[in-house]
Every structure is written in structure tokens, then in C-alpha cells.
Amino acid sequence: MVSRRKASAVLTLILAAVLLSACTGAPLGGAPTHQAFEERVSGTWVEKSGAATATLVLSGSGKFEARNFPAVLVCNKSPGGPELQACLSNPGASSISVDGTWSVLDDEQGMLELDSDGQLFSVAYRDFDSFSAKSFSLGFYSGTTDKPEPDFVFARR
């Protein structure tokens, strides 16, 4: 009788651990590491809305290429402030194309910083695709982040 209770208690603990892991989105071994997020973010990302012509390629070496990227996310961010050359050479354009470097700003929150011409290009935020948190998109905000959804969402191709 005692071994049956012990087996039941062990089974209950295992079930609780699996449920807690599923609810937090973390693997059973613990939270994803900084390196794991960096490895998962590398690749080609395509904007989900509209014609989906905007692409963002993040290489494992920390370089990025943005093609037909929404200019509203990058240009005219601060009046009188520094502007990227791509914005200055195409005033009023709806999209721009640039190269630069990327780095993880906050691995826990899933924030990426994109820099070009020695200036901040944009910041991407991890946007989970489902409750299970197994897959994610990259979300970009054109202004404040105090809204429920990003203005532009890029999905992995």
C-alpha cells in the first residue's frame, strides 16, 4: 500500500512539472538560453501583412540585410535627429533597403537591435505565435510599444 502511494506521489510530481513547463513555455530543462534565442532568430523573415515583399535576413555572424523594409519604422523618428543615409537619399519613400549588424538586447524579452551606418536602425520584439510559445515572429512598432500588437510582423520563411 505504501509503495502505491509513493508511486502516485511521484507521478503527481512529474505531471505537475510537465504542466508548469508547458505553461511557462520553457523546456523541461529550464528557460531557453541567450545563445538558443540567438540561434533561433537567424534566418530569413518576411513581413506577414500586405504584399509581403519586405524581407529581413539575419545571419549567424551578426549581420543583417533589410530589403523593402517599411520606412515608417526607420525614417523621421526624431525631428532634427540623425537620419540613416537610406532615408536621406529617398525622402518620402514607403520602404528602404539597408545592411547592418544585429545583436540581442534582451534575451528574456526577445528584443533585437538592428544598427546601420553606426546608428540605430530598428528594434524587433519577439511576438509568440501561439500560447505554447514554441514558435515566434518578429514584431516592429512604428511608435509606442503600449499597444496589444506590433504594427508590422515578420514571420520566418
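Read-outs: derived from the displayed coordinates by stated rules, not from any lab. Since the model is a prediction, treat every value here as computed from it, not as a measurement. So basically every Cβ, Gly included, is an ideal-geometry build from the backbone, and we count neighbours across all protein chains shown.
Using 0.36 nm per residue of separation minus the Cα-Cα distance, give me the extension gain between Ser94 and Asp129 in nm, one decimal.
Working: separation 35, 0.36 × 35 = 12.60 nm, distance 2.68 nm.
Difference between extended and current length: 9.9 nm.
Could you check the spin-label model distance between Ser42 and Glu65? Points 7 Å from the Cα along Cα→Cβ, value in nm.
1.6
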